[in-house]
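Here's the structure we're looking at; comments come further down.
Taken together, the values in this text are just the output of simple stated rules run on the coordinates, not laboratory data. None of these values were measured; they are calculated from a predicted model. Every residue, glycine as well, gets a Cβ built from its backbone with ideal geometry; the counts of neighbours run over all protein chains shown.
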Amino acid sequence: MSAFSQVAEYSAKHPKPADITFEYGTAGFRTIGVTLESTVFRAGLLAALRSQSKQGQVIGVMITASHNHERDNGVKLVDPMGEMLQQSWESYCTDIANAGSDDQVVDILSYIVEKEGIDLSVRAKVAYARDTRPSGPLLQKALEDGLAALDVDAANFGIVTTPQLHYFVRCLNTANSTSPYGEPTEAGYNKKYGQAFLRLVEGKPLPSTLHIDAANGVGAPQVLKLAEAIGSPYFNIDVQNSDTATLGKLNIDCGADHVKSNQRPPAGTTLVPGERYCSFDGDADRIVYYYSDDNGVFHLLDGDKISTLVATYLRDLVTAAGISDLQVGVVQTAYANGSSTSYIKDTLRLPTVFAKTGVKNLHHEAEKMSIGAYFEANGHGTVLFNPSAVAKLQAARPESPAQADAINRLWTLRDLINESVGDAMSDMLLVETILICKGWTLEQWDAAYTDLPNCLLKVVVNDRSIFKTTDAEQQLTSPPGLQNVVNSLVAKFSKGRSFVRPSGTEDAVRVYAEAASRSECDQLAYAVAGAVF
Ligand code: NG1
Ligand code: ZN
């Protein structure tokens with residue numbers, strides 16, 4: 001019996017909508033949820049082959065559309081160390097998702113087996129989960145059919161955050177290694193991150209209740225479990241927008257994307273000066289902080305502010321540890337506020353590089369650094385310690401109690417950070433730890449630098465595929481001549497900067513602009529958008 005003998009029969013239960021072309025984009029497949037049945041079924045088939053190509057290591061499949069509308073859904077594959085799927089496999093995903101017939105699905109599987117030299121006798125293992133979206137159960141069933149068609153050893157992790165699934169995958173694949181990542185359960189996740197937090201804050205509770213906007217998504221129940229595991233009185237939180245049961249609420253007028261894009265609090269939340277607020281997105285891999293000053297002015301602490309806070313703290317610890325050749329670096333995208341980039345270069349004097357949008361791109365750049373902090377401005381990011389940094393920490397011989405303490409803290413920070421992917425809950429614990437250790441309020445954290453006024457517009461065009469970019473997406477190479485127009489507009493504004501790129505997750509082109517004043521920034525953004533349209 002051929003390994004694929006059941007595939008066509010199962011595939012027939014999940015026919016591809018004839019009029020849709022799917023693309024594995026920045027964050028996997030993402031579109032209207034109910035149109036994704038065939039795609040998710042086929043993603044299950046590919047996850048099986050990917051696992052076999054990795055000698056039976058566990059591959060993850062996450063069904064989510066993150067911060068996007070509740071009617072949308074998506075699916076992405078997670079590689080063995082919890083990182084995003086290797087880029088060279090993305091085109092296989094796109095090809096199989098667009099196969100016109102069940103037989104063609106089988107042909108593409110056979111082609112991949114041949115091309116990758118896959119040993120089909122290896123037992124495939126897949127771990128999967130989903131968020132709270134209404135189309136989730138339908139898509140989960142399609143995925144389970146894909147896994148059944150290839151007789152995969154499958155583990156359902158239920159309704160969890162995207163970073164939790166990434167964490168489980170890494171735990172499963174390191175379970176028998178010399179450095180297991182943790183226990184692949186929700187309780188194991190809460191224990192690992194909660195205990196690292198408690199060790200680092202040394203018995204100090206949060207200075208005041210942390211208000212968390214959970215976007216009416218999966219982060220709501222999960223952060224409550226985390227807080228319970230940490231225990232009272234150390235982690236006093238108030239979770240808002242936690243209604244995952246009522247249809248139509250997910251990400252609507254709340255959540256990290258709403259707060260960052262609109263630069264205002266979630267609807268219905270009145271900020272009290274002196275209180276601390278943060279927002280997760282719908283699958284809890286992004287986080288932003290914010291507060292109101294005494295004059296009632298809203299202040300956002302976005303991914304750039306988080307990465308500068310974290311990089312400063314790590315740099316100071318490395319110095320205190322007396323490890324001279326351990327370099328902390330920062331990875332940003334073109335969306336990073338110009339003030340943050342200047343602050344990292346000129347004040348912190350840390351190396352910084354730009355990567356293309358999408359955390360997989362930032363992750364790869366951060367891997368090249370000893371300790372690499374990477375964050376998208378929207379609040380998605382984490383910190384990586386590369387093997388040479390780990391070796392240096394291991395080899396470090398403290399010459400004073402202060403050095404021993406700093407080395408110890410660096411080790412414990414590694415346990416607090418979800419290195420597999422950006423994680424709102426782990427990042428929240430990291431920020432809270434640093435603020436407690438420094439004795440800082442959000443206002444003190446915010447004082448490091450002042451953001452330039454900035455603006456992000458979405459322009460719907462007939463064909464976004466004609467927009468091609470270079471230089472970490474900061475320059476257009478196509479359509480011809482458009483970059484020159486952008487350059488001439490930018491030149492008219494003090495501290496002006498603007499770029500245009502096609503979205504990888506939505507059928508639109510994004511225009512970013514920043515300038516010395518709010519009115520200049522808005523004028524620049526609308527002028528560039530006008531040139532794009
Ligand atoms: P696109 O749609 O390619 O701009 C958006 C975000 C990315 C990333 C992905 C994945 C912005 C401007 N873009 O990508 O940063 O988070 O979604 O979710 O925030
Ligand atoms: Zn997300």
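May I ask for the Rg/Rh ratio of region 410-533, computed from Cα atoms with Rh as the Kirkwood radius, given to two decimals?
So for region 410-533, dividing Rg by the Kirkwood Rh gives 1.11.
Straight-line reach from Lys16: which aspartates and glutamates have a Cα under 13 Å away, not including same-chain ones fewer than 8 places off?
In chain and number order, the partners are Glu37, Asp95, Asp102, Asp103.
In the P(r) worked out for the chain, what percent of Cα pairs fall beyond 33 Å?
Roughly 41 percent, once rounded to a whole number.
Can you compute 3J(HN,Hα) from phi for each residue in region 264-273, using the Karplus curve 6.51 cos²θ - 1.76 cosθ + 1.60 with θ = phi - 60°, rounded to whole Hz and x for Gly and Pro?
Running phi through 6.51 cos²θ - 1.76 cosθ + 1.60 with θ = phi - 60° gives 7, x, x, 4, x, 9, 9, 6, 9, x Hz.
Subtracting the Cα-Cα distance from 0.36 nm times the residue separation, let me have the gained length for Ala508 to Asn408 in nm, one decimal. Numbers along the way, then the final one.
Values: separation 100, 0.36 × 100 = 36.00 nm, distance 4.70 nm.
Net length gain for the segment: 31.3 nm.
Using Cα positions and a limit of under 15 Å, work out the aspartates and glutamates in reach of Lys204, with same-chain residues fewer than 8 apart set aside.
Glu432
Arranged by the count of other C-beta atoms within 10 angstrom, fewest first, what order do Arg501, Arg409, Arg414, Arg349 take?
Values: Arg501 23, Arg409 20, Arg414 17, Arg349 8.
Arranged by neighbour count, lowest to highest, Arg501, Arg409, Arg414, Arg349 become Arg349, Arg414, Arg409, Arg501.
Taking 0.36 nm per residue of separation and subtracting the Cα-Cα distance, what length does fully extending Asn262 through Asn487 add?
On the way: separation 225, 0.36 × 225 = 81.00 nm, distance 2.58 nm.
Between Asn262 and Asn487, full extension yields 78.4 nm more.
Pairs of Cα atoms under 8 Å, at least six residues apart: use those to get the relative contact order of the chain, whole percent.
On the way: 1136 pairs, mean separation 62.6, N = 533.
Rounded, it is 12 percent for the chain.
If I model a spin label as a point 7 Å beyond the Cα along the Cα-Cβ vector, how far apart are those points for Lys225 and Ser177 in nm?
It works out to 2.4 nm between the two label points.
What does a probe at Ala12 reach in region 87-129, counting residues whose amide N is under 17 Å from the point 7 Å along Cα→Cβ?
100-107
Largest first and to the nearest Å, give the Cα extent of region 118-207 along each principal axis.
52, 38, 17
Distance from the Cα centre of region 198-270 to that of region 83-121, in angstrom?
The two parts, judged by their Cα centres, are 39 Å apart.
May I ask you to derive the FRET efficiency for Lys115 and Ser400 from their Cβ-Cβ distance with R0 = 41 Å, giving the value to the nearest 0.05?
On the way: r = 56 Å, r/R0 = 1.37.
So the FRET efficiency works out to roughly 0.15.
Which whole number in µm²/s is D for region 255-405 by Stokes-Einstein, with the Kirkwood Rh taken over Cα pairs at 4 °C and 1.567 mPa s?
Taking Rh from Cα pairs, D becomes 78 µm²/s.
Could you check how many percent of all C-alpha pairs in region 7-159 are farther apart than 26 Å?
Values: 1614 of 11628 pairs.
That tail contains 14 percent of the Cα-Cα pairs.
Bins of 10 Å, beginning at zero and ending with the bin holding the largest distance: percent of Cα pairs per bin for region 87-151, please.
16, 44, 34, 5
Placing unit charges on C-beta atoms (Lys and Arg positive, Asp and Glu negative, everything else neutral), compute the dipole magnitude of region 274-381 about its Cα centre in debye, rounded to 20.
Details: 9 positive and 14 negative charges, 71 e Å.
Roughly 340 debye for region 274-381.
Taking 0.36 nm per residue of separation and subtracting the Cα-Cα distance, what length does fully extending Glu202 through Asn295 add?
Values: separation 93, 0.36 × 93 = 33.48 nm, distance 3.44 nm.
Gain on extension, Glu202 to Asn295, equals 30.0 nm.
Using the C-alpha atoms of region 318-432, what convex hull volume per residue, in cubic angstrom, is computed?
Working: hull volume 12.1 nm³, N = 115.
Looking at region 318-432, the number lands at 105 Å³ per residue.
Checking the cross-link filter: which lysines have an alpha carbon closer than 30 Å to that of Lys495, excluding same-chain neighbours under 8 positions apart?
Reachable lysines: Lys260, Lys305, Lys345, Lys356, Lys360, Lys458, Lys468.
Viscosity 1.567 mPa s, temperature 4 °C: give me the Stokes-Einstein translational D for region 286-364 in µm²/s, with Rh taken as the Kirkwood radius over C-alpha pairs. Can you show the working numbers first?
Values: Rh = 14.0 Å.
D = 93 µm²/s.
Give, as ranges by residue number, the residues of region 12-44 whose backbone N falls under 11 Å from the point 7 Å along Cα→Cβ of Val460.
Answer for region 12-44: none.
Under 5 Å between amide hydrogens, which residues at least 5 positions from Gln240 or on another chain qualify, with H placed 1.01 Å from N in the peptide plane?
Close amide H contacts, sequence-distant or interchain: Ile212, Asp213, Ala214.
Separation between the Val353 and Thr450 pseudo-spin-labels, each 7 Å from Cα along Cα→Cβ, expressed in nm?
3.3 nm
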